[in-house]
Amino acid sequence: MRRRAEYEAFEFALVSEGVLVTNCSHADPSAHRYLVRVVDGLPSSCSCPADERFDGACKHRVAVAIRGPVLGAARENAVATDGGLVPAETSEAELVDEDDCDCSELPDGVPCWPCFREGRREFENESLFD
């Protein structure tokens, strides 16, 4: 599974329920879109037929697990049982001093990663994601 999870053309979208994984290696990617749920920081289930049918993780769960930024984002945005978000734990090493901000070097409306992560600035132009 790992090989296929590495080379197939996946797209990932963070949704409140987990990570929406689309396999763009197919002629009709929309027919190959599955929800991977992340529980306790690990991809725990997938809505694809293979995850139900076979033992072990499917390629979609493996694809999320081996892509650190995708899994990290899913961990940070985990949905709590009451429907709210589980707060991400931040170590002292991750805290950013306002003086270390690089927002001024970026295009207007685009925050630097530390400011975005800490919630000090948001993207001002959502059309950047369209």
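The values are calculated or read from the model by the stated rules, or taken from the named source; none is laboratory data. Since we're looking at a predicted model, the values are computed, not measured. Every residue, glycine among them, receives a Cβ derived from its backbone with ideal geometry; neighbour counts consider all protein chains shown. Just the protein is used for accessible areas: all its heavy atoms, side chains included, with ligands, DNA and RNA removed. Shrake-Rupley method; radii C 1.70, N 1.55, O 1.52, S 1.80 Å.
Observations
- Of all residues in the range 17-31, those that are in contact (Cβ under 8 Å) with a residue 24 or more places away in the chain and closer than 19 Å to ALA5 by Cβ have Cβ atoms under 6 Å from Cβ atoms of residues that are open to solvent by 40 Å² or more (accessible area, probe 1.4 Å) and assigned to a helix (DSSP H, G or I), 6 or more apart or on another chain, in ASN23/HIS32.
- Where helices (runs of 4 or more DSSP H) sit wholly within the range 18-130, those with at least 3 residues that are modelled with pLDDT under 80 occupy 113-118.
- Selection status of VAL39, surrounded by 19 or more Cβ atoms within 10 Å (Cβ to Cβ) and of a type outside the set (Asp, Glu): no
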